[in-house]
Amino acid sequence: METKTAPAVPPKRSPLKIAAVVFALAAAFFSLFLYLKYSKLKNLAELKISEQVQKATGRKVTVGKLGFSPLRGLLMEKVCVKEKDGKTDFFCFEKGNIKLETLPALRGKMLFSDVNFENGSLKLKKTADGYNFSDLIELLPKNNRPIHLNWNARNFGFTGFTITLVPDAENGNEVVLTGARLSVEHRSSTGGNFVLKVKSGINARLGGKFVSGELDSFSDLNFEYARLRSARSSVEIAKIVLDDITAGGIIANLEAFGLDGKNSQKKFELEALLEDLFIPASNPLAENIREKTAVFEKLLGKSVQNEREFSMKTLEIKSSYNGTDFVNSLALDSNLVGLSLKSGMDLKNSRHSVSLEMKNRAKTMKITSDSAFSKPNPQPSMSETVDGMLKLGIISLEKYLLKKIGD
């Protein structure tokens, strides 16, 4: 099936590094506030902190109000950090609080239990010379340790934020997270666990197309010092709209272990489900799909050319790997054809078993193959042409999967 080429996506900055920039700004506010408070200059705190942070960052900073609570720590209202041009907003929020843990502070270590910002905006943009926050990254302490080893906040989050991501301004690409609720929970000072949660609306313009949906994601990352050892993640995007294409939603779940070891030590399980996809007849992609599925006419004896639009009830993909066995499956239920493809690879004995079932309202056909790598034997045998196509298809699938497991 021919698919459209996705727009180029530039290299991404680590989400933890981006959060570290925001965190560093917050820490600067906190440190300066404590200094001024205990110097009995609290009445000048808002002005002085604005001046000092502006001097340190080279950015225009405004602070509406500051306070202190024994339970919540430093309280901030109406804070805004401008872009380098001093005109447009980079990071602004209505309310925020930063709480320092007392016992580590008494031992000379700065560890924050809570850093939270409410009802604000953050814009991350790729520029000709890097990113619009590259200058702030340069202010972070210089060391060779990964960012997750320098992280010192137990709970960090945004609530009610508009987060704008501009990966390619020249082509007009932009992703906007609306009403975003984002949190990072961290345990352990030697890597440990990071739990990332994001829930928001999505409005995007990518490659000239408009995309919208509702995002709800969860990731649990387990580090053993400098290496990511295991990960568990789930992503759900509901009410998807891509121009005139709609889908009820997509759900994906991943569990991976042994990521810091060799391939033989790695294990993972992946499940993904796309539901209620509809592509109208007016969209060129619908005709493209019809042309590709016409090959099933010869096998199933039904013309699909009378079906103008493409509708798909479900597309389910599963994949698992345990070091020796690599198992994959795909199940498609659509108005043009129903497909069920199962692939099982025994890497220890270099064998590959494949099962393909095709069906429509009138007929069901099943083809199987169980053989050594690169020597498929599709059964039942049909014509020389069809058998040759099936053999090439199985070998191509085999090569693709072997390459994926080797990456």
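Where a number appears in this text, it was derived from the coordinates with a stated rule and is not lab data. Small disclaimer: the values here were computed from a predicted structure and weren't measured. Positions of Cβ are generated from backbone atoms using ideal geometry, with glycine treated the same way; all protein chains shown enter the neighbour counts.
With r as the distance between the Cβ atoms of residue 62 and residue 320 and R0 = 35 Å, compute the FRET efficiency 1/(1 + (r/R0)^6) and round to 0.05. It comes out at approximately 0.10. Its alpha carbons give the range 257-407 an Rg and a Dmax of 17.3, 52 Å. By the rule of a C-alpha distance below 12 Å, with chain neighbours fewer than 8 residues away ignored, the aspartates and glutamates paired with residue 209 are 174, 243, 244.
Once Lys and Arg get +1 and Asp and Glu get -1 on their Cβ, which of 397, 323, 373 lies farthest toward the positive end of the dipole of the range 272-407? Projecting each Cα onto the dipole axis, the largest value belongs to 373. Taking a ≥ b ≥ c as the square roots of the eigenvalues of the Cα gyration tensor of the range 163-202, is the shape rounded (a/c under 1.5), prolate (a/b larger than b/c) or oblate? Note, shape of the range 163-202 comes out oblate. Label-to-label distance for residue 228 and residue 54 is 4.0 nm, based on points extended 7 Å past Cα in the beta-carbon direction. Extension gain, residue 353 to residue 212, is 46.8 nm, computed as 0.36 nm per intervening residue step minus the present C-alpha separation. Pairs exceeding 22 Å between alpha-carbon atoms, taken from 267/313; 313/342; 313/359; 359/404: 267/313; 359/404.
The charge dipole of the range 272-407, taken about its Cα centre with unit charges on the Cβ of Lys, Arg, Asp and Glu (plus for the first two, minus for the last two), comes to roughly 280 debye.
The slack between residue 235 and residue 178, meaning 0.36 nm per residue of separation minus the straight C-alpha distance, is 18.8 nm.
On the basis of the beta-carbon distance and an R0 of 41 Å, residue 78 and residue 265 show a calculated FRET efficiency of 0.20.
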